[in-house]
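Just so it is clear, none of the values below were taken in a lab; they were calculated from the coordinates. Just so we're clear, the structure is a prediction, and the values are computed from it rather than from any experiment. Neighbour counts run over all protein chains shown; Cβ positions are idealised from the backbone, glycine included.
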Amino acid sequence: MTLPGLQGGCCWWGALVLAALGVGFGWGATQGNAAQPGTRVFAADTGLILSYIKPGQNTAFEQTMKRVAEALSNSEEFDRRRQAVGWKVYKKMEPLESGVLLYISIIAPVVPNADYWVPQILNEAFPTEVQELYETYAGAFAHGETLLNLTPIDLGLTVSEP
Amino acid sequence: MRTNLSRRFQTNQIWVGTALVAALAIGVLLGSSFARQSAAAQAAALSFSGQKAVVVQPVNAANTADYERVMQAYGETLAASSNPERARMGAGLQLYRAAEGGQGGSVLYVTVLDPVVRGGDYQQITVLAEEFGGGPPDNGDEVRELYSAYTEALAPGAFALNMTLVAEF
């Protein structure tokens, strides 16, 4: 025995449950991203990242960073391409104690609110390769990274035009 | 006879006196020159070999204004130098303050040298002693004050990085 009124009500209830699920999923996904520990967003105009790399892992790290450069430079997103313009990676000439290698990213200017988290950039550009790239990248680290938000100090060194 | 001897003795006295005064003057000149060299030698040279260099300097939180004042004097001295090498050093000098604190509540300052002037001595006290305020001997008191403010501002844990470019996106 079916009751037409209840049948219609079930459709409404089903739609409401699906809508709630969608809203909940969207909220949950947003919260998850916000709480993602790997997020690298700078608050200042200039950023510095010190990356401590295991001895012998220089090639792995440098190759990964070149893929990051490729991903940013070829991105369809304007802000991603802007990130590429201001990002340079340097290597400290002499290893640290225990042979650890220090790489220094200087980001100037920082793109406001842009995420500089390497695995996320790789995931957007190379979704089918990201697992392997991530493992290579993560495996290269000796002591993680240090991030610094830098504010310029005016030294009054204005250079006059010739 | 006695008069001749007396004159000769007087002449000798004048020569000896002149020689002593001359020796004293030469001694003072040599001494002051040596003292200047010693003061310069006390501050070890600070040079860099990379294309670019970064110096991370923790500064006591109470002394940040002093540190910035000394670095400003240093930068202005470099930029205004008649020595082309020092002027280039000044042109490539940038100073930043990090939002993130260092150990013991210190404030981290980052000096970026881009490009590095190879062979240039970046030692702050040497540059200030030799050229600040028109150079010695008139800048002694000012340089001493700057040096004192600078050394009191520094906190332990500074490090310098000589860097080569790996990837330019």
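For the reader, a short list of remarks on this structure follows.
- Given (1) buried (at least 16 other Cβ atoms within 10 Å of the Cβ); (2) over 15 Å from the mean Cα position of the chain (by Cα), number of the condition A:W87 does not satisfy: (2)
- Among residues of the stretch B:60-76, those that are surrounded by fewer than 21 Cβ atoms within 10 Å (Cβ to Cβ) and either polar (S, T, N, Q) or free of Cβ contacts under 8 Å to residues at least 24 places away in the same chain (or both), counted: 7
- For the stretch A:42-84, filtered to residues that are in contact (Cβ under 8 Å) with a residue 60 or more places away in the chain and among the aromatic types (F, W, Y), the residue that is farthest from A:E129 (Cα to Cα) is A:F42.
- Only listed residue being of a type outside the set (S, T, N, Q), more than 12 Å from chain A (Cβ to nearest Cβ) and over 19 Å from the mean Cα position of the chain (by Cα), chosen from B:G133, B:G104: B:G104
- The residue that is farthest from B:Y147 (Cα to Cα), among those in the stretch B:42-96 that are charged (D, E, K, R) and within 12 Å of chain A (Cβ to nearest Cβ), is B:K52.
- The condition of being touching a residue at least 12 places away in the same chain (Cβ under 8 Å), loosely packed, with under 13 Cβ neighbours inside 10 Å and not aliphatic (A, V, I, L, M) holds for only one of B:G119, B:G90, B:G102, that being B:G119.
- Pick from the stretch A:121-142, criterion surrounded by 15 or more Cβ atoms within 10 Å (Cβ to Cβ) and among the aliphatic types (A, V, I, L, M), ranking: nearest to A:L50 (Cα to Cα): A:A142
- Going through (1) within 10 Å of another protein chain (Cβ to nearest Cβ); (2) within 14 Å of the chain's Cα centre (by Cα) one by one, A:P119 falls short only on (1).
- For beta carbons closer than 6 Å, sequence separation of 6+ or different chains, a first residue in the stretch A:85-96 that is without any contact (Cβ under 8 Å) to a residue 40 or more places away in the chain and at the interface with chain B (Cβ under 7 Å from one of its Cβ atoms) and a second that is in a loop (DSSP other than H, G, I, E, B) and not β-branched (V, I, T), the qualifying pairs are A:W87/B:F169; A:M93/B:G50.
- Among residues of the stretch B:147-169 that are within 23 Å of B:D114 (Cα to Cα) and within 14 Å of another protein chain (Cβ to nearest Cβ), those with a Cβ under 6 angstrom from a residue that is of a type outside the set (S, T, N, Q) and in a helix (DSSP H, G or I), sequence gap 6+ or separate chain, pair up as B:V166/A:E62; B:A167/A:M65; B:A167/A:K66; B:A167/A:A69; B:F169/A:A69; B:F169/A:L72; B:F169/A:A84.
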